[in-house]
Amino acid sequence: MDDLVRAAMARWPNVPDIFGWLSLTTTGQWRLHPDGKALSADSGNRYPTGESISNAQILGFISRNYHHDDTGRWFFQNGPQRVFVRLDAAPLILHTTDDGNRLQAHTGTYVNNVLSWLLDDSGHLYASTNLGPGLVAGRDLMQVLDTLSQPDGVPPDLDHLVSQPQSLSTLNVLSPFQSAGTTGIPLQVCPTDQVETIMGFVRNPALGYA
């Protein structure tokens, strides 16, 4: 978090939080909603797309001051005010680096350790990381899946894993994205509607807000 932001928080500690002005897409793009209606879904449960933010300084400022509260709601600390973010997929969008050996969040920060994987029944791959929960970007999905192996070196049979009852749909895998020396981390399959609960984040930050 920027020092100027910390100073503003200390000077004005009781500024109300705001909702509906900022969203994060499945590709890791910040989107502005000048009308404050980012959380206003239509009858088909589709949310407004908002306006793209292209200014590099603004993007850097948002990314440096992006955090979460104890309930799993993520926000941009804009000076003394929390601007809660609507998530189209996950708090972080993860890409592979050019050498394929590291993951990098959409904020520009590198992942040091993947703690577990979660594959939903729509084919989206999520990772629990030292930075927080993230979705592996679609363009990087196959590259990441190709790195996964079981401790005996055999690639995981994902089709078989998906077909198993929920209570059985977990196995240990290895990948270059976890801490060195780790013998295996969980790869779990779950229904799409359980991703938020299992990974501990909230896509709609107004839920539970009083």
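Read-outs: derived from the displayed coordinates by stated rules, not from any lab. This is a predicted model, so every value here is computed, not measured. With ideal geometry, Cβ positions are generated from the backbone for all residues, glycine too; neighbour counts draw on all protein chains shown.
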Low-density loop cleavage sites - trypsin sites (Lys or Arg not before Pro) in region 20-70, where at most 11 other Cβ are within 10 Å (DSSP): Arg46
Enclosed volume per residue, in Å³, of the convex hull spanned by Cα atoms of region 113-198: 94 Å³
Largest to smallest principal axis extent of the C-alpha atoms in region 3-87, angstrom: 42, 27, 23
Candidates Asp35, Asp88, Asp120, ranked by Gaussian network fluctuation over the chain, Cα under 10 Å, top entry: Asp35
Label-to-label distance, nm, for residues given as Thr27 and Ser122 (7 Å Cα→Cβ offset): 1.7 nm
Cubic angstrom per residue, convex hull over Cα atoms of the chain: 147 Å³
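With +1 assigned to the C-beta of every Lys and Arg and -1 to the C-beta of every Asp and Glu, and no other charges, what is the dipole magnitude of region 3-87 about the Cα centre in debye, to the nearest 20?
80 debye
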Most mobile of Asn45, Asn172, Asn112 in a GNM of the chain (Cα contacts under 10 Å): Asn45
Sites Arg139 and Asn14 - FRET efficiency at Förster radius 45 Å, r taken between beta-carbons, to 0.05: 0.55
DSSP-defined antiparallel bridges as percent of all bridges, region 3-87, nearest 5: 75 percent
Within the chain, helix-based [θ] at 222 nm, where runs of 4 or more DSSP H residues each add -39,500 (n - 2.57), nearest 500: -4500 deg cm²/dmol
FRET efficiency estimate (nearest 0.05) - Cβ-Cβ, Asp152 to Ser52, R0 45 angstrom: 0.45
Share antiparallel - DSSP beta bridges, the chain, percent rounded to 5: 75 percent
The chain, dipole about Cα centre (Lys/Arg Cβ +1, Asp/Glu Cβ -1), debye to the nearest 20: 720 debye
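To the nearest 20 Debye, how big is the dipole of region 113-198 about its Cα centre, given +1 on the beta carbon of each Lys and Arg and -1 on that of each Asp and Glu?
So the dipole magnitude of region 113-198 works out to roughly 240 debye.
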Efficiency of FRET from Cβ geometry, Leu59 and His160, R₀ 35 Å, rounded to 0.05: 0.25
